[in-house]
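The values are calculated or read from the model by the stated rules, or taken from the named source; none is laboratory data. These figures come from a predicted structure and were not determined experimentally. Heads up, the Cβs are rebuilt from the backbone with ideal geometry, glycines too, and the neighbour counts pull from every protein chain shown.
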Amino acid sequence: FLGAGLGAVLVYGVSSMAKGGLTPVRLVLAGAALSALLSALSEGIALYFQVGQDMAFWYAGGAAGIKWIHLKIMLPWIGAAILGAIALSRSITMLSLGDDIAKGLGQRTGMVKLAGTVIVLVLAGAAVSVVGAVGFVGLIIPHVTRKLVGVDYRLIIPCSAVLGSLLVVLADLAARMVNPPYETPVGAVVALIGVPFFLYLARKERRGL
C-alpha cells in the first residue's frame, strides 16, 4: 500500500504539471512512464538481493500461485474498498461534470478526490501484491463499461468490478491453454488487448489537442 501510495503521488504530480492540467489520458501517459521507471528500479534491487527469478514471475503476472490464505487476507480490504467506492459513486458522477459544477452542487471536491484515491490505492495495491503486475485492466474496462452503461458511476463502478474480474479470468484460461501444461503469463495475454487500446487512446487525445 505504501508503494502504491508513492506511485500515485508521483503520477498525479507529473500529470498535473502538464499544460492544461490533469486529464484522464495525461494520467495514463504519466502512469506508463513512471511505471517503466519504477520497474527499472525494482529490477535493480532484485538483482542486488538476488531475487530476480521471483521478481520475474511476479512481473509476468498470473493467478497460478494464489492460495486461499491470500484471499483470506485480501477479502476484508477489498470488500471495504468496494463498498466505499459504491458509496462514493454519486459524488464521483458529479465530479466528472467538472470541479465548478460539482462545487455548485454542494460537493466537497477535495475530500471526494482524496477518498477516491485512497480506495484506488487499497484495491490496486491488494490486487497487484498477489496477482502481480497485470497491466491495462484498469485502462480497458472502465472505457468499455462507460460505453455499455453510460456516465453514471453508480453503474460504472460495480460493472467495472465484474467485467474486470471476467477479463482476468478469461485471460488466465487463455494463458493456460496456449502452451499446456505450462502457463503463459496472464500479463502478456492482457497486454495483447491493452497495448492497441492504449495506442488508440493516445491517438484520440492527440487529435483532441
| request: Take the residues in the stretch 127-149 that are of a type in the set (V, I, T) and more than 11 Å from the chain's Cα centre (by Cα), then tell me which one is nearest to R90 (Cα to Cα). | output: V149
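Every residue, every condition in (1) aliphatic (A, V, I, L, M); (2) in contact (Cβ under 8 Å) with a residue 24 or more places away in the chain; (3) in contact with a strand residue (DSSP E or B) (Cβ under 6 Å, 6 or more places away or on another chain); (4) closer than 24 Å to G3 by Cα, yes or no:
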position: G84; (1), (2), (3), (4): no, yes, no, yes
position: D99; (1), (2), (3), (4): no, no, no, no
position: K113; (1), (2), (3), (4): no, no, no, yes
position: V122; (1), (2), (3), (4): yes, yes, no, yes
| Assuming G104 fulfils every condition listed in (1) under 16 Å from the mean Cα position of the chain (by Cα); (2) modelled with pLDDT under 85; (3) of a type outside the set (A, V, I, L, M, F, W, C) apart from one, which condition is it? | (1)
| task | Identify all residues within the stretch 150-162 that are surrounded by fewer than 17 Cβ atoms within 10 Å (Cβ to Cβ) and either in a helix (DSSP H, G or I) or under 10 Å from the mean Cα position of the chain (by Cα) (or both); write none if there are none. | result | R154, L155, P158, V162
| field | Number of the condition not met by A191 [criteria: (1) touching a helix residue (DSSP H, G or I) at 6+ places or on another chain (Cβ under 8 Å); (2) under 26 Å from G5 (Cα atoms)] | value | (1)
| Of everything in the stretch 113-126 that's hydrophobic (A, V, I, L, M, F, W, C) and buried (at least 18 other Cβ atoms within 10 Å of the Cβ), which residue is farthest from R90 (Cα to Cα)? | A126
| request: Answer yes if at least one residue in the stretch 55-78 is under 19 Å from L2 (Cα atoms) and touching a Gly at 6+ places or on another chain (Cβ under 8 Å), and no otherwise. | output: yes
